Amino acid sequence: MATPLEKCLATIVATFHKYSGKEGDKYKLNKSEMKELLMNELPAFHGTQPDGREFQKIMNDLDHNRDQEIDFQEFLCFLGWWEHRG
Ligand SMILES: [Ca+2]
């Protein structure tokens, strides 16, 4: 029987792949996939206008290796940022 944390991790992984697999690199979120994930899975994010400069800033901050896509490791940083946002 999976613990709550194990279930949670499985959900995070599954959610990431649900969007990362849509187009391009199957293991990375491009800008539109990331936007779709935020809109559908983190509706509270709407407050920061996913089409605006705030979204672009977040993408830039998360894209540590500057390949214009969010890999799973970078996505985990986003979840950390989400938890600590003001
Ligand atoms: Ca990247």
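The values are calculated or read from the model by the stated rules, or taken from the named source; none is laboratory data. These figures come from a predicted structure and were not determined experimentally. Neighbour counts run over all protein chains shown; Cβ positions are idealised from the backbone, glycine included. Only protein heavy atoms, including side chains, enter the accessible area calculation; ligands, DNA and RNA are left aside. Shrake-Rupley method; radii C 1.70, N 1.55, O 1.52, S 1.80 Å.
Determine whether MET59 is open to solvent by 70 Å² or more (accessible area, probe 1.4 Å) and not polar (S, T, N, Q). No. Note on segment 24-69: residues that are in a helix (DSSP H, G or I), charged (D, E, K, R) and at pLDDT below 90 amount to 3.
Each row is one residue, and each column tells you yes or no for (1) surrounded by 11 or more Cβ atoms within 10 Å (Cβ to Cβ); (2) within 12 Å of the chain's Cα centre (by Cα).
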residue	(1), (2)
LEU5	no, no
CYS8	yes, no
THR11	yes, no
PHE16	yes, yes
GLU33	yes, yes
LEU38	yes, yes
ASN65	no, no
GLN68	yes, no
TRP82	yes, yes
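If you go through segment 3-37 and keep only what is under 18 Å from TRP82 (Cα atoms) and basic (Lys, Arg), you end up with LYS31, LYS35.
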